[in-house]
Amino acid sequence: MKFSQIVKQAREKKGLSQVELASYFGRYGGAVFNDLENEEFIPRNPEFIIKLAEILDLDSDILFQSLGVIPDDVKEILLSDVKYFRFIREFRK
């Protein structure tokens, strides 16, 4: 499922409008979430994605995965140990 679909489905399940969801973020208006749900805005800020997941009661890893992004904490673990790095390199072949 696409990021936009996951967010829209979770927002509707919680009974929130786009404007209500935006109010949790302060500086964003409902238009941002309209754009997000219509795939006109793709968030790349990890803090935004994590906060969005918390508000919508989602696992942030699902949101990161749907965006094709590896969260910083996971990236740190993978790159901190040579065996993980080798595994990924072999997996990509």
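Where a number appears in this text, it was derived from the coordinates with a stated rule and is not lab data. Please read all numbers here as calculations on a predicted model, not as lab measurements. Reconstructed Cβ throughout: ideal geometry from the backbone, glycine too, with neighbour counts over all protein chains shown.
Quick notes on this structure:
- The chain, relative contact order in percent, only Cα pairs under 8 angstrom and at least six apart counted: 24 percent
- Among the lysines of the chain, pairs at least eight places apart or on separate chains and with Cα atoms under 18 Å apart come to 6.
- Cβ-derived FRET efficiency at R0 25 Å, residue 9 paired with residue 75, nearest 0.05: 0.35
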